[in-house]
1. Give me, ordered by chain and number, the residues 5 or more places off TYR184 or on other chains with an amide H under 5 Å from its own placed amide H.
2. Does region 36-192 come out rounded, prolate or oblate by the C-alpha gyration tensor, with a ≥ b ≥ c the root eigenvalues, rounded set by a/c under 1.5 and, if not, prolate when a/b is larger than b/c and oblate if not?
3. ³J(HN,Hα) across region 80-88 via Karplus (A = 6.51, B = -1.76, C = 1.60, θ = phi - 60°), whole Hz, x for Gly/Pro?
4. Ranking CYS183, CYS166 by Cβ neighbours within 10 Å, fewest first, what do you get?
5. Over all directions, the average projected area of the alpha-carbon convex hull for region 38-100 comes to how many nm²?
6. Put +1 on the Cβ of each Lys and Arg and -1 on the Cβ of each Asp and Glu in region 38-100; which of ASN59, PRO73, CYS84 then has its Cα farthest toward the positive end of the dipole?
7. Counting other beta carbons within 10 Å of each residue's own, what order do ILE146, ILE88, ILE96 fall into, fewest first?
8. Each residue of region 128-142 in turn: what ³J(HN,Hα) in whole Hz from Karplus with 6.51, -1.76, 1.60 and θ = phi - 60°, glycine and Pro shown as x?
Amino acid sequence: MVRRYLGGVTFGIVIAVMLVVTIPGVILAQAPGDVGTPECRAVQLEAQAAVDGGGPYKNHGKMVSTAAKLVSPYVEDGTVTEECSSCIINQFARRIPIDEQEACGPDMSYVCEDPGVCPDFTRCNEGGNCGSAGGYCFTVYEGGGICARSLFCSGLTACPDGTGDCGVGETCLVDTCCTGNICYPEEALCYP
């Protein structure tokens, strides 16, 4: 009898711990520029390119310093968080080769090189998840371009000060045919 009671208590404790561990992840929103965001991944790719193109290095510390110097301004201006910076820099510090580093954000296959301005947008990622015609390359407020489906302006949130004005899972686009900058849902991006 005691054994069953303790078994039930143990089971109850396990369930309670699982709830405490998993529910906050569901409830708490991800901060813009945090680990797991497109901004964090974009800065990581930029740091990797800087390190890759900056060698040979006199020592390991110089290589890590190259990455840190690139990432630091993005932390200072709020584009990425300290946690994102740590995700990027710690992998260099631990001597993880670039091609083996863990991504600090989502796949960037929706990035495009030639964003247009309303109404002349470049087509991108033909044959991907946006169909045979692909999507259009739009300009991101913070720089660069993303490939997305055509825009319907109604119901989209304005983002006069950039992606920080947008909700989780949204990116601020500029020079669209909508009035002003708009937050665009990342689930509508076009992947090859």
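Computed from the coordinates by the stated procedures, all read-outs in this text should not be read as laboratory data. On a predicted model such as this, the values are computed, not experimentally measured, just so you know. When we count neighbours, we look across all protein chains shown, and the Cβ atoms used for this are built from the backbone with ideal geometry, even at glycine.
1. Sorted by chain and number, the residues that satisfy this are THR171, CYS172, LEU173.
2. prolate
3. 10, 8, 4, 5, 5, 4, 4, 4, 6
4. CYS183, CYS166
5. Convex hull of Cα atoms, orientation-averaged projection: 3.9 nm².
6. Looking along the dipole axis, the top candidate is ASN59.
7. ILE96, ILE146, ILE88
8. x, 5, 9, x, 5, 7, x, x, 10, 8, 9, 7, 8, 3, 7
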